[in-house]
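Notes follow once the structure below has been shown.
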There are 2 protein chains.
Amino acid sequence: MSSAKRAVVLASGGMDSATAAAIAKDRGYELYLLHTSYGQRTENKEYECAKAQADYFDAADFLHLTTDHLSKIGDSSLTDEEIDIEEADLESDEIPTSYVPFRNANLLAMATSYAEANECDAVFIGAHSEDFSGYPDCRPAFFDAFQEVVDVGTKDETEISIESPFVEWSKTDIAEAGTELDVPYELTWSCYKDEEPACGTCDACAFRLQAFQNISIRDPIKYAECPEYSED
Amino acid sequence: MSSAKRAVVLASGGMDSATAAAIAKDRGYELYLLHTSYGQRTENKEYECAKAQADYFDAADFLHLTTDHLSKIGDSSLTDEEIDIEEADLESDEIPTSYVPFRNANLLAMATSYAEANECDAVFIGAHSEDFSGYPDCRPAFFDAFQEVVDVGTKDETEISIESPFVEWSKTDIAEAGTELDVPYELTWSCYKDEEPACGTCDACAFRLQAFQNISIRDPIKYAECPEYSED
């Protein structure tokens, strides 16, 4: 094995985690990309994008996991087809219906198991500050608490740092840093719907388009609506 | 919905979690039994036992989850068929090969998602003091740290208590308390091998038989070896 530092990156296939992967690589880590299919509506698109990102970043390993647990527990529009996708309301303080209860704890637990088994030094997650207005498991205090669980719940010789580099950043900050690092945003998927082109109107599309608009860069993926900020 | 307190119990199918279920019921909780198949060798036996326990305890719900993530991550004799099951060494300080990295964090994360989606008040896990000589994710400090993650990582109105009632107990203490509560130990499976009768020689069988021997009660399940402490 090489002696390079190693990092697991939770690769959802979206632009935040793609940027997290670029930052980990820029910091000198060998990448172990972890993508999890948990019954989300956009599973196929997300998997394709995560796999393409692993190739792009020349990852040392790409692990694709499949679990039914978050979809069976349900209670979220991301996984429960009986709950409609909400149209974007960027100002709302309500927890959105796309919230999967305690999802990031589940994903970080998977990533930590994978990291410990592969003697990795870090786990990167692309959660950012605009997530935690609505998602309790995106707050800085959550990641701090999870670090403590990792410290006491793994072998004594295991040292894994939970890295959430965007926890104080906006999505605009992410797009800006990622653009400088040449993140291949054409290989990312954000839309909550599983149809090309992206809808342009769900929460995820709206936040993404707003970020690109703020840095005056065209989003390289195609949209059904909102032609002003997308490729035509 | 009824107004009774509700508890998720992580039901592995083994005697520790069956006793945890009995204790939760004795404390007045409605039971939500959660069994996870993650590619362990003894999956079929464990599922059958957990399901039978849910019927016995008249659980309000039984959720059976399936995930490949702990087996794909591997690195454990419980899930990796290339690693042999060790014979029992009850005095060893080494982390046994049956250790699945960070397994309990993964299971507790699933249980917390399930608990939050069902407005449960507690999550019970049957880990005990003799586990944590070898398993870092069975230590009291681990459960304390996980409680903090639950407190900050779930909705503000969610209040879930992580209950590990055996964390200072021996397996003998569990067998003694469970016998008083009439736990149906004939509906439990502990052996690391997937064949009836139980082998009687793996770590799990050895610990279990020792516990029953210590309280001078016959273990109601059948063993291939060790006839002195088992039904014939």
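What is the mean number of Cβ atoms from other protein chains located within 10 Å of the Cβ atom of each residue in peptide B:110-121, rounded to a whole number?
Values: counts 9, 3, 6, 14, 8, 3, 7, 9, 3, 0, 0, 0.
Average neighbour count from other chains, rounded to a whole number: 5.
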Please give the Cα centre distance for region A:17-65 versus region B:1-30, rounded to the nearest Å. 38 Å
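Taking R0 as 35 Å, what's the FRET efficiency between residue B:196 and residue A:4 from their Cβ-Cβ distance, rounded to 0.05? Could you put the intermediate results ahead of the total?
Working: r = 48 Å, r/R0 = 1.37.
Computed FRET efficiency for residue B:196 and residue A:4: 0.15.
On average, how many beta carbons from a partner chain sit within 10 Å of the beta carbon of a residue in B:58-68? It would help to have the intermediate numbers written out before the result.
Values: counts 0, 0, 0, 0, 0, 3, 2, 7, 5, 10, 6.
Going residue by residue through B:58-68 and averaging, the value is 3.
Would you mind giving the average projected area, over all directions, of the Cα convex hull of region A:103-145 in nm² with one decimal? It would help to have the intermediate numbers written out before the result.
Details: hull surface 12.1 nm².
Mean projected area of the Cα convex hull: 3.0 nm².
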Sum of side-chain charges, residue A:169 neighbourhood, beta-carbon under 10 Å (Lys, Arg +1; Asp, Glu -1): -4
Closest-to-axis residue of chain A (Cβ criterion, axis taking A to B), whole Å: A:67, 2
One finds the C-alpha centres of region B:140-157 and region B:163-230 to be spaced, in Å, by 31 Å
How many Cβ atoms of partner chains, on average, are near each residue of B:138-151 if near means within 10 Å of its Cβ? 5
Highest mean first, what order results for B:120-126, A:115-121, A:180-186 on Cβ atoms within 10 Å? B:120-126, A:115-121, A:180-186
Here, residue B:179 and residue A:155, labelled 7 Å along Cα→Cβ, have an inter-label distance in nm of 3.8 nm
Could you grab the Rg to Rh ratio for region B:146-232? Cα atoms only, Kirkwood for Rh. 1.15
On average over all directions, what projected area in square nanometres does region A:92-216 have, based on the convex hull of its Cα atoms? 8.9 nm²
Can you list the copy-to-copy distances for residue B:156, using a point 7 angstrom from Cα toward Cβ, in nanometres, shortest first? 4.3
Label position 7 Å from Cα toward Cβ: report the copy-to-copy distances for residue B:181 in nm, one decimal, ordered from shortest. 4.8
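Read the figures in this text as sums done on the coordinates, not as results from a lab. Computed from a prediction, not measured in an experiment: that's the story for all the values here. Ideal geometry is used to build each Cβ from the backbone, glycine not excepted, and the neighbour counts take in all protein chains shown.
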